[in-house]
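First the structure, in the form of structure tokens, and then the observations on it.
The values are calculated or read from the model by the stated rules, or taken from the named source; none is laboratory data. Small disclaimer: the values here were computed from a predicted structure and weren't measured. As a convention, Cβ positions derive from the backbone with ideal geometry for all residues, glycine included, and neighbour counts pool all protein chains shown. Accessible surface is based on the protein model in full, side chains and every heavy atom, while ligands, DNA and RNA are left aside. Shrake-Rupley method; radii C 1.70, N 1.55, O 1.52, S 1.80 Å.
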Amino acid sequence: MRWLLLCHALCFWMKTLAHTVELNNMFGQIQSPGYPDSYPSDSEVTWNITAPEGFRIKLYFMHFNLESSYLCEYDYVKVETEDQVLATFCGRETTDTEQTPGQEVVLSPGSFMSVTFRSDFSNEERFTGFDAHYVAVDVDECTEQEDEELSCDHYCHNYIGGYYCSCRFGYILHTDNRTCRVECSDNLFTQRTGVITSPDFPNPYPKSSECLYTIELEEGFMISLQFEDIFDVEDHPEVPCPYDYIKINAGSNVFGPFCGEKIPEPINTQSHRIQILFRSDNSGENRGWRLSYKAEGNECPELRPPTHGKIEPLQTKYSFKDQVLISCDTGYKVLKDDVEMDTFQIECLKDGTWSNKIPICKMADCGIPAKLEHGLVIFSSRNNITTYKSEIRYSCQQPYYKMLHNITGIYTCSAQGAWVNEVLGRSLPTCLPVCGIPKIYRKMMARIFGGRSVQKGTIPWIAMLTQHNGQPFCGGSLIGSNWIVTAAHCLHQPLDPEEVILHDSDLLEPSDFKVILGKHWRLRSDENEQHFRVKHVFLHPLYVPSTFENDVALVELLESPKLNNFVMPICLPEGPTEEGTMVIVSGWGKQFLQRLPETLMEIELPIIGHHTCQESYVPLKKKVTSDMICAGEKEGGKDACAGDSGGPMVTMDKESGQWYLVGTVSWGDNCGKKDRYGVYSNIYHNKDWIQTVTKISN
Ligand code: ARG
């Protein structure tokens, strides 16, 4: 023992200086000094092996032969890190108190390993020392990470010398390169109710995230919140919500922060615009939260439907923004500010009042029915009621007008407040003049010779065309309500009678003449006569002055005559007139012996076959064309004459008793000559043109 102590002092002296070897390779060999010869005494060598970051160092011994001593006091090989002894080896084989490396490897926890060989001053035997190898080995951080603070949140990927983290779909790697956060900062809710949850709820919410939820509603609403289901936000037993929390900003009010596991109480934010902030730190596994919100405005007073009306939707409670529609029962109309309408909408305003008062329901009223031209209207009820379901009846002024389409003329006041007929709907009926039915019948017509004075009122359609001085110059016939059919040559008066070409300057202007209806006397005035100014003159477009082809014209009166027993239109023909048909021609034209009559004259004649008539004019080289129709008798004596032009040639349909216009007086060879016939413009031939111009249906 003494000796030993001595040696301690001495040996210190004799010791070769310990030296250090720095090793930075990925692998290498270290051996005891002098290996494989026996190692020297008093020797100390340290190898500092440094591998790159992310590597560990693996050390293993191929040969080991050192002096054995209790607890390896004398010679040893010591493996250490900066602050920790990993192993101490000595001897030749492992005993209870000493260890040899054997087949074992030593692995450094980090990238640094220090190996120290030491021998003391005396060796009783010869020891060959050791031969060891080291290699840098990769650390699988993904499986070996004990420190949770460093491990990946979602996925870990190892590579030689390091590792990196990645995140599941929908997550973003936080700048700590480890946790996975979510992007949840712009969530805007504008509906009046809704549910908001932490991301991934009810699965644990993401780490390192800041979520912002905005509920934004119109002013006047107040948002209330209620947490439901699970509430689980990481907390701390002493410090209030240091890690994760949920906080609500509502105007100047702040609610929260909330964390822990206790569901917060329902919150009435008193605001129409709130922000919910949810924050999580980089650790913890908590399930989050779920809340439902609803917004309510001020309540409006209860509503009562108007009499004869309803409110939709009908509720016991209405609040801000609620709208109701007021409508009335069938036959009633909503009346608001004196205006009738089908429905009316009111809305609950933010101050809790209704935008408008409930309007009243008033029975639909069709009002005074429109006047009908040439007709009248009577009420079916006594008091001239014009409200819903009341009935009126239109009729035309009998017997001079009749209703078009033969309809009833009954109109009912509809729920919409309009007079409606089952056929015509809302449109009024049309009163058309009755044609060809004189109210005064001529006394039994005896065969007359030459002609006779007309019995007043038996030819009510006759029109007299006069100059302004009252001088009559032609006849015509009333058709429809305000049209006169006459001869074109009556309105075409060239200075040179031989003029063949039709010049506009030779035509009579509307202001050049007038039309008199209800006339009997030629020059004396009649109590029933009606005078008319002319609106327009229409000559047949194919009128030929030299041949009198299409010698027909239409005169439109400025006003419609008042129909009565002495003024009434003639009907347009429905078909051609056969040879032998008896017709009556009337006019104020010349009589035999060149005398002008005092009254309207008439004469009854038969229609002459077209061929016969044509033949009769061959000697005179005059053409009777298909637009002309002749009447007269072979022996002569019965004819129209100068001044009768344009006047009517009519026939009566025996079945209906109705009179039709067959022709208008056109030309002849003098008057009443034997073997000559009076030539008339054939109305049926030009009926289409007449109807096109006048729009008269019959
Ligand atoms: N062109 C004659 C007139 O201006 C009418 C002729 C009728 N003559 C006859 N014979 N039918 O009045």
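Every residue in the stretch 364-400 that is assigned to a strand (DSSP E or B) and touching a Cys at 6+ places or on another chain (Cβ under 9 Å), please.
Scanning the stretch 364-400 gives Asp365, Gly375, Leu376, Thr387, Glu391, Ile392, Tyr394, Ser395, Cys396.
Checking Trp588 against (1) open to solvent by 10 Å² or more (accessible area, probe 1.4 Å); (2) within 60 Å of the chain's Cα centre (by Cα), which single condition isn't satisfied?
(2)
Quick one: what pairs do we get from the stretch 463-481, first residue closer than 18 Å to Val434 by Cα and hydroxyl-bearing (Ser, Thr, Tyr), second open to solvent by 10 Å² or more (accessible area, probe 1.4 Å) and more than 13 Å from the ligand (Cβ to nearest atom), C-beta under 7 Å, 6+ apart or different chains?
Cβ pairs passing all conditions: Ser481/Pro433; Ser481/Ser560.
Please verify whether Gly589 is at pLDDT 95 or above, within 11 Å of the ligand (Cβ to nearest atom) and either closer than 24 Å to Ser546 by Cβ or part of a strand (DSSP E or B) (or both), treating the condition exactly as stated.
Answer is no for this residue.
Among the residues of the stretch 177-215, which ones are open to solvent by 30 Å² or more (accessible area, probe 1.4 Å) and touching a Pro at 6+ places or on another chain (Cβ under 8 Å)?
Across the stretch 177-215, the qualifying residues are Arg181, Asp200.
Identify all residues within the stretch 556-581 that are within 30 Å of Gln614 (Cβ to Cβ) and aliphatic (A, V, I, L, M); write none if there are none.
Selection gives Ile570, Leu572.
Can you tell me how many residues in the stretch 673-692 are surrounded by fewer than 24 Cβ atoms within 10 Å (Cβ to Cβ) and near the ligand (Cβ under 10 Å from one of its atoms)?
Going through the stretch 673-692 one residue at a time, the tally reaches 2.
For the condition loosely packed, with under 15 Cβ neighbours inside 10 Å and among the small types (Gly, Ala, Ser), what is the one hit in Gly475, Gly457, Gly518, Gly470?
Gly470
Please specify each residue of the stretch 216-242 satisfying the condition of being open to solvent by 20 Å² or more (accessible area, probe 1.4 Å), of a type outside the set (A, V, I, L, M) and assigned to a strand (DSSP E or B).
Glu216, Glu219, Ser224, Gln226, Glu228, Asp229, Asp232
Would you please name the residue that is surrounded by the most Cβ atoms within 10 Å (Cβ to Cβ), looking only at residues in the stretch 658-672 that are assigned to a loop (DSSP other than H, G, I, E, B) and of a type in the set (S, T, N, Q)?
Gln658
Mind counting the residues in the stretch 627-657 that are crowded, with 18+ Cβ neighbours inside 10 Å, in a loop (DSSP other than H, G, I, E, B) and away from the ligand (no atom under 14 Å from the Cβ)?
So the count comes out to 1.
Only one residue in Arg168, Arg126 is open to solvent by 20 Å² or more (accessible area, probe 1.4 Å) and either in contact with a Leu (Cβ under 7 Å, 6 or more places away or on another chain) or more than 30 Å from Ile248 (Cβ to Cβ) (or both), so which one is that?
It is Arg126.
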